[in-house]
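Written below as structure tokens is the structure these notes are about.
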Amino acid sequence: MSTPLLTIEDIAVELPTPRGNLRAVDHVDLSLQAGRTLGIVGESGCGKTMLSRAILQLLPKKAKLSGRVMFDGEDLVRLAPERLRRLRARELAVVFQDPMTSLNPVLTIGTQLMETIQEHLELDASAARKRSIDLLAAVGIPAPEQRLGQYPHQCSGGMRQRIAIAIALSCEPRLLIADEPTTALDVTIQAQILDLLAREQRRRHMAMIIITHDLGVVAGRADEVAVMYAGRVVERAPTQALFKRMHMPYTEALLAAIPKLDTAPHTPLPAISGRPPDPTRPLKGCSFAPRCRYAAGRCHEAKPELKSAEISGHLYACLHPIRMTEGIGA
Amino acid sequence: MMQLAAREEPLLNVDNLVVEYGLGNKTVHAVSGVSLQVARGETLGLVGESGCGKSTLGRAVLQLRRAKSGRVLFDGEDLTAMEGEALRQMRRRVQLIFQDPIASLNPRRRIGDIVAEPLVIAGVKDAVERKRRVHDVLSAVGLDPDLVANRLPHEFSGGQCQRICIARALVLNPEFVVCDEPVSALDVSIRAQILNLLEAMKARFGLTLLFIAHDLAVVKAVSDRVAVMYLGRLCEVGPSEQLFARPAHPYTSLLLQAIPVPDPDVRPAESVATGEPPSPIAPPSGCRFRTRCPRADQRCSAEIPELRGVAPGQFVACHHPLA
Ligand SMILES: Nc1ncnc2c1ncn2[C@@H]1O[C@H](COP(=O)(O)OP(=O)(O)OP(=O)(O)O)[C@@H](O)[C@H]1O
Ligand SMILES: Nc1ncnc2c1ncn2[C@@H]1O[C@H](COP(=O)(O)OP(=O)(O)OP(=O)(O)O)[C@@H](O)[C@H]1O
Ligand code: SF4
Ligand code: SF4
Ligand SMILES: [Mg+2]
Ligand SMILES: [Mg+2]
């Protein structure tokens, strides 16, 4: 196996709040190779965005970060600001849920694209313009030349997300982080955007992290999936293994709670009772224990560490894992 | 056209409803001639992309937005013709639950007062009686009245706020509730709790529901029948299972294909959806879906497709429906 492009080691992010320190990310390890897609799933507030911001070194100022983020042999946490800026401009790109986060409302689409391109790729104006048009065409924008003169508010949500993706791809990044890129979009547009990301990822051999709370989004599109709960990665596996032989009760519960198209109407959903723990309170034992139907004595005392399962690359953090033997639940 | 079977009694009958908004000197054609019925005791799901007019239809049914033309018959009476006291009396029987539970609760009022408000408006003067009914309905939605009644909305999570909204909608014992994307803003785990709660409340209080959502799987989970809207018009309506198994309208089929399925063995279909919905300010002539429809031909741009039956209980507005 080749060395990973990105390795996150023991990342923790704490945020000071009036109610005490909030554990947004609680000691996470992950790695990702070039050309692969990692899906990160979990409920609102579990730390997905803070983790991606920790990778990009874009955390709020007051945040306390520890651990290492190794990107192509360099630790981004300890990188000199100038070098970090260059790296972020050329090799790391990000797409947010709300495309307006990355678009400037008072500049035309053309200006924004060309500025980014010229900043990163040392092209003259006419070459940058040509490249902008090519990029807009590549992300599926009809009549790209006319779009260059328009402002973001003149475009639909789906169009804006395409433009944000075009800007993100403009510098030929080696790692693209997409944080809920389609959550705000309709299903038909969502499918178009996810296809677009997958196509560009293959073509450019990029490493990609897709963050979502929708297991459906990662099922068909990620090579590997990490499930987060209360700031931690509680299960991580190649996608097939995660969906077919999950060991973590939380993964099972999350999957079961989704309404399925092939279920008859009025079938009660196996809901997860309660809600995630308060991240400002100290935690004893397994963070999922109060909601877990398999919880037993020790779960409330001992914090389960991530352990390797039988399949290589499959890790889980549970004291009473499910589906451990061949055949069960298959 | 009556879409219900003969034995079913329509509690709600929406007849050729047209709702428009003025936008400068332009007109937004939000709902353009929609007809549908909801039988007493049933849940009708209403799906479609953002901006297709779902909320507008729901609000026009409740007379929160007046229609330009068409009728809304509730239990045989035309709500569009009602005003003043008559409308106020009728409003006790119909309620609305919104998408954003937190924003729809007044942040400065205590939960007990928020839930009691419809009773006050409806003229229930006896404070003891109000308190009893608030207590009962809070328990029904799974909240402990003694713990929550004196607290403020910000002390509650999104899921709990939606429970409070549901309690507020049910406190007057309505017959009919429009649920406008009640779970769209909630997490998967909380979403299942609220969907189960709505189903339980429906059974317990004998409710009839119009359930609006853009997630087809969510809609199917709770609906007896489903209506699909596109750009202000009804495309298709039919029994949930049948509609999902054999969609007759190309747009229904497209929506079904686009859903990401949480199963790695199901390869996502290459997105067939060509382009995006046009503007409701200048909707396409003929069939409004024709600019994205793989089956569109000359006739589709010339002639508006009328709703017609294709199978028992299933109606479609398309010149070239799928077999
Ligand atoms: N600027 C901030 N200051 C303090 N706490 C914050 C801040 N931003 C996020 N948090 C908290 O950090 C935790 C992790 O938040 P994060 O945004 O990473 O979650 P997420 O998994 O991305 O959720 P979502 O699905 O809602 O986007 C949450 O408890 C959140 O309330
Ligand atoms: N007050 C208003 N003034 C002008 N146009 C409006 C107004 N409210 C809604 N519209 C427009 O009417 C159309 C229908 O909107 P509506 O909110 O009913 O759609 P929807 O199907 O509920 O969408 P969503 O899924 O985003 O909630 C849209 O084009 C919308 O922009
Ligand atoms: S450790 Fe215990 S409480 Fe936690 S997920 Fe496993 S069985 Fe459930
Ligand atoms: S009427 Fe024509 S354009 Fe409209 S859905 Fe049917 S085939 Fe497509
Ligand atoms: Mg986030
Ligand atoms: Mg709406």
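The values are calculated or read from the model by the stated rules, or taken from the named source; none is laboratory data. A quick note: this is a predicted structure, and the numbers were derived from the prediction, not measured. Counting neighbours? That spans all protein chains shown, and the Cβs are built from the backbone with ideal geometry, glycine included. The area values use the complete protein model at the heavy-atom level, side chains included, leaving out ligands, DNA and RNA. Shrake-Rupley method; radii C 1.70, N 1.55, O 1.52, S 1.80 Å.
In a DSSP loop and with at most 14 other Cβ atoms within 10 Å, the trypsin sites (Lys or Arg not before Pro) in the range A:13-44 are A:Arg19. Panel note: contact residues of the range B:172-187 (accessible area lowered by at least 10 Å² against the chain on its own; 1.4 Å probe) correspond to B:Asp187. Note on chain B: with a GNM built from Cα contacts shorter than 10 Å, the maximum mean-square fluctuation among B:Asp136, B:Asp126, B:Asp263 falls on B:Asp263.
So what is the relative contact order of the range B:55-153, in percent, for Cα pairs below 8 Å that sit 6 or more residues apart?
Working: 62 pairs, mean separation 24.6, N = 99.
Normalised by residue count, the contact order of the range B:55-153 is 25 percent.
Using 0.36 nm per residue and subtracting the Cα-Cα separation, the extra length available between B:Arg204 and B:Glu270 on full extension is 19.4 nm.
Using a probe radius of 1.4 angstrom, the carbon and sulfur fraction of the accessible surface of chain A is 53%. The Cα atoms of the range B:59-158 give a gyration tensor whose axes a ≥ b ≥ c have a/c of 1.5 or more with a/b greater than b/c, which makes the shape prolate.
Please tell me the relative contact order of the range B:199-323 in percent, rounded to the nearest whole number, where contacts are Cα pairs under 8 Å and at least six residues apart.
Once normalised by length, the contact order is 24 percent.
Return a whole-number percent for the relative contact order of chain B, with Cα pairs under 8 Å and 6 or more residues apart as the contact set. Over chain B, the number comes to 21 percent. Taking the 1.4 Å solvent-accessible surface of chain B as the whole, the part contributed by carbon and sulfur is 51%.
With 23 Å as the limit, the listed pairs A:Lys48/A:Lys307; A:Lys48/B:Lys220; B:Lys68/B:Lys202; B:Lys26/B:Lys54 have A:Lys48/B:Lys220; B:Lys68/B:Lys202 beyond it between alpha carbons. Counting only residues at least eight positions apart within a chain, or on another chain, the aspartates and glutamates with an alpha carbon under 14 Å from that of A:Lys62 are A:Glu14. In this rough spin-label picture, where each label sits 7 Å from Cα along the Cβ direction, the B:Lys131-A:Arg83 distance is 7.0 nm.
Looking at the range A:177-282, the accessible area is 31 square angstrom per residue; that uses a 1.4 Å probe and ignores ligands, DNA and RNA. Helix A:187-204 and the longest principal axis of the C-alpha atoms of chain A enclose an angle of approximately 80°. GNM remark for chain A: springs join alpha carbons under 10 Å apart, and the peak mean-square fluctuation among A:Ser52, A:Ser273, A:Ser44 falls on A:Ser273. Cα centroid separation, the range B:266-317 to the range A:153-198: 25 Å. Probing with 1.4 Å while keeping every protein chain in the model, the per residue accessible area of the range B:15-54 equals 34 Å². Residues of the range A:164-191 whose accessible area (probe 1.4 Å, heavy atoms of protein chains only) drops by at least 10 Å² once all protein chains are present, relative to their chain alone: A:Asp186, A:Val187, A:Thr188, A:Ile189, A:Gln190, A:Ala191. With the simple model of a label 7 Å out from the Cα in the direction of the Cβ, A:Ala137 to A:Arg293 spans 5.5 nm. Using a 1.4 angstrom probe on protein heavy atoms only, the contact between B and A buries about 3700 square angstrom of accessible area, both sides summed. For chain A, modelled as a GNM with alpha-carbon contacts under 10 angstrom, which of A:Glu200, A:Glu252, A:Glu122 fluctuates the most? Sorting by GNM fluctuation, first place goes to A:Glu122. For the protein assembly as shown, what does the alpha-carbon gyration tensor say about shape, rounded, prolate or oblate, given a ≥ b ≥ c as the root eigenvalues, a/c under 1.5 as rounded, and a/b over b/c as prolate? Oblate.
So, for the range B:137-281, what is the accessible surface per residue at a probe of 1.4 Å, expressed in square angstrom?
Details: 4500 Å² over 145 residues.
Ligands and nucleic acids excluded, the figure is 31 Å² per residue.
Interface residues of the range B:271-319, defined as those losing at least 40 Å² of solvent-accessible heavy-atom surface relative to the isolated chain (probe radius 1.4 Å), are listed as B:Ser271, B:Glu276.
The aspartates and glutamates within cross-link reach of A:Lys260, meaning a Cα-to-Cα straight distance under 13 Å and a gap of 8 or more places when in the same chain, are A:Asp214, B:Asp215, B:Glu241, B:Asp263. A:Pro276: net charge of surrounding residues, Cβ under 10 Å, Lys/Arg +1, Asp/Glu -1, itself excluded? Every neighbour counted, the sum reads -1. Helix B:158-170 and the long axis of chain B differ in direction by around 80°, with both axes built from C-alpha atoms. Which shape class applies to the range B:175-320: rounded if a/c is under 1.5, otherwise prolate when a/b exceeds b/c and oblate if not, where a ≥ b ≥ c are the square roots of the Cα gyration tensor eigenvalues? It is prolate, given that a/c is not under 1.5 and a/b is the larger ratio.
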